[in-house]
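Below is one structure, written out as structure tokens; the observations come after it.
The values are calculated or read from the model by the stated rules, or taken from the named source; none is laboratory data. As the structure is a prediction and not an experimental result, all values here were calculated from the model. Glycine gets a Cβ as well: all are built from the backbone with ideal geometry, and neighbour counts include every protein chain shown.
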Amino acid sequence: MAIRLSRENLPELAGKVAVPRYDAKRLKASIVHFGVGNFHRAHQAVYLDDLFNLGESQDWALIGAGVRAADEDMRQKLLAQDLLTTVVEQEAESSSARVTASMVEFLKPADTAAILGRLADPAIRIVSLTITEGGYYIDPATQEFSRNHPDIVADGKNLAAPKTVFGLILAGLARRRQRGVGPFTVMSCDNIPGNGHVTRHAVVGLASLADPELAGWVEEHVAFPNAMVDRITPATSDRERALLAGDFGVEDKWPVFCEKFRQWVLEDHFPAGRPALEKAGVQLVADVTPFEVMKIRILNGGHATIAYPAALMDIRFAHEAMANELIRRFLHKVEREEIIAIVPPVPGTDLQEYFSLIDRRFANPKIGDTIERLCQDGSNRQPKFIVPSVRDRLAAGGSVTGLALVSALWCRYCYGETDSGKPIAANDENWSRLTERAKAAKADPKVWLGMEQIYGAAGRNETFVAEFRRALNALWAQGTRATLLRYIGSEGAGAH
């Protein structure tokens, strides 16, 4: 029978999984983190757990926070198990599990006063974020901070009772300024190009609406380091809970399953101090940009490349897509001929070896990363993961045949049904608009590329338009499998 996860049961669990070698009750919190989801608990929280196990930086524990209804559900489940999380690292040939205890408090999302009280506390020196790509109020038409979004306008008018993450951060900074307390560092851990710059624009942009003088103070005094984060971490379902109970004998209401690989490249700009992250394997650098471009284009662009053909072919998991020789060869051809070729050099990194690593990671059969997860939020992800490669290829006069096919596959997916006729559930905040465009694009492919907020000038480029039209027409006339086979050519012989 599985043992319930709790501090009381840690001695009994120690025979089944790795448990903290430190006393969580003796930790001191210096970080407030917004967005206590699976990725955070598999990434930042694990790095800190490693430090605490080394006896290092034990005054840098986490306090969880959030603003969504889903955050309260997570909070209740974690509180019921003393804020402990079981992290299961899975490789094709092995699995291991550990319990982390790096979070010592989880603030109620509706309790604005408690959150602001913590943010104003001088003990808090870092506020970190994993609120997903769609949480930054980026205007899709300009890719800039949306000052006119109703949520932002509301916080700008009433900063005393903020509702957004950025409103809470700004209100906390304002209180510290009023009290003569130095600012905390704001550290985004989201998968966004220039995530520190994006976060700065959001906080300063909101401040300019609420108090221009405060905006100037934030601009001058608050640090927003950029970061590149990486670890494949699927959503938790009953499948993962059952695997944990069956394989390790642990009952955890919200465990995290992930790959063994992890990476965190971080600009070392923390005026208020930071934990000794380098001792846990974090790469501290002066400029994260080369690492970020590499990861977003090769890994995230690769996920987009396999996700939409797999969805259209009714494939459920990423490792199953990689087991399909046709999809895997498609990925290799697009990556090696059109994506990697224009990724700038990265210090100490061989890009071909990096892609080989990603190929193995995608194929990991134990992760259970769903194609549905990889397909979601395309209207936010495509402009960041695919279109920049298109722009650079066009500027260099290179072929965009493969990248145009990736975009056409996304368009075909947004039509709302697979090649076999199965319906595709809404998977994007702009789903209705995307579906309408995709249906119109069946007759006129240029309609899809007319989404200026997604494609910009690339959507008007004659070369890209011609390749996209050819790819989308082929998908409708021949289906996904035949279209991929035609693109791959002789390389695809024998693909199944």
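One table, with the values for the structure above:
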| read-out | value |
| --- | --- |
| Number of positions in the stretch 44-73 that are of a type in the set (A, V, I, L, M, F, W, C), touching a strand residue (DSSP E or B) at 6+ places or on another chain (Cβ under 8 Å), assigned to a helix (DSSP H, G or I) and within 20 Å of S188 (Cβ to Cβ) | 3 |
| Breaking point among (1) touching a Leu at 6+ places or on another chain (Cβ under 7 Å); (2) surrounded by fewer than 19 Cβ atoms within 10 Å (Cβ to Cβ); (3) within 30 Å of P162 (Cβ to Cβ), for I3 | (3) |
| From L62, L84, L27, residue being crowded, with 21+ Cβ neighbours inside 10 Å, within 25 Å of Y136 (Cβ to Cβ) and not small (G, A, S) | L62 |
| Any hit, the stretch 241-257, residues being closer than 26 Å to R297 by Cα and surrounded by 20 or more Cβ atoms within 10 Å (Cβ to Cβ) | yes |
| Filtered residue count, the stretch 196-213, keeping only those that are in contact (Cβ under 8 Å) with a residue 40 or more places away in the chain and either surrounded by fewer than 16 Cβ atoms within 10 Å (Cβ to Cβ) or touching a helix residue (DSSP H, G or I) at 6+ places or on another chain (Cβ under 6 Å) (or both) | 6 |
| Those residues of the stretch 87-117 which are of a type outside the set (A, V, I, L, M) and crowded, with 20+ Cβ neighbours inside 10 Å, in sequence order | E89, Q90, T100, S102, F106, P109 |
| Residue under evaluation G134, criteria (1) modelled with pLDDT under 95; (2) farther than 24 Å from M74 by Cβ; (3) in a helix (DSSP H, G or I), criterion not met | (2) |
| Subset of the stretch 336-373 [farther than 24 Å from Q90 by Cβ and buried (at least 16 other Cβ atoms within 10 Å of the Cβ)] | E338, I339, I340, I342, V343, V346, L351 |
| Pick from the stretch 161-176, criterion in a helix (DSSP H, G or I) and hydrophobic (A, V, I, L, M, F, W, C), ranking: nearest to A207 (Cα to Cα) | L170 |
| Residues (touching a strand residue (DSSP E or B) at 6+ places or on another chain (Cβ under 9 Å) and part of a helix (DSSP H, G or I)) located in the stretch 412-456 | Q453 |
| Residue match in the stretch 354-362 (condition: assigned by TED's automatic domain parsing to the domain that holds A466, touching a residue at least 24 places away in the same chain (Cβ under 8 Å) and of a type in the set (S, T, N, Q)) | no |
| Looking only at the stretch 288-315, and only at residues there that are in contact with a Pro (Cβ under 9 Å, 6 or more places away or on another chain) and of a type in the set (D, E, K, R), the one that is surrounded by the most Cβ atoms within 10 Å (Cβ to Cβ) | R297 |
| Check on G216, surrounded by 15 or more Cβ atoms within 10 Å (Cβ to Cβ) and either assigned to a loop (DSSP other than H, G, I, E, B) or in the same structural domain as R41 (by TED's automatic domain parsing) (or both) | no |
